[in-house]
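Novice: The structure under discussion is supplied below as structure tokens; questions concerning it will follow.
The values are calculated or read from the model by the stated rules, or taken from the named source; none is laboratory data. Since this is a predicted model, take the numbers as computed values, not measurements. So basically every Cβ, Gly included, is an ideal-geometry build from the backbone, and we count neighbours across all protein chains shown.
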Amino acid sequence: MTTRLLGALLVAATLSGCGGMNRAVGVLPNTLDNLQRDTAPLRGAEQPGDRALRDANRPL
């Protein structure tokens, strides 16, 4: 009886965690896009090594 209860609680906790992760995965990229756009005026002009760093960090 106790094993079933603990199993049910484990399943419920796992599923509730999945809902939170789905929300976080959907919200985080939008937050980062907004942050990049909002801070663009605060950044200075492009410096000589900026383009090389950007190209090196681009996903394959």
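Novice: State whether the residues of region 18-31 include one that is at pLDDT 80 or above, assigned to a helix (DSSP H, G or I) and among the basic types (Lys, Arg).
Specialist: Step one: filter region 18-31 for residues at pLDDT 80 or above, giving none.
Looking for residues that are at pLDDT 80 or above, assigned to a helix (DSSP H, G or I) and among the basic types (Lys, Arg), one finds none in region 18-31, hence no.
Novice: So which of ARG58, ARG4 is surrounded by fewer than 10 Cβ atoms within 10 Å (Cβ to Cβ), of a type in the set (Lys, Arg) and either modelled with pLDDT of 85 or more or in contact with a Phe, Trp or Tyr (Cβ under 7 Å, 6 or more places away or on another chain) (or both)?
Specialist: Numbers: ARG58 fails: either modelled with pLDDT of 85 or more or in contact with a Phe, Trp or Tyr (Cβ under 7 Å, 6 or more places away or on another chain) (or both).
One residue alone meets the criteria, ARG4.
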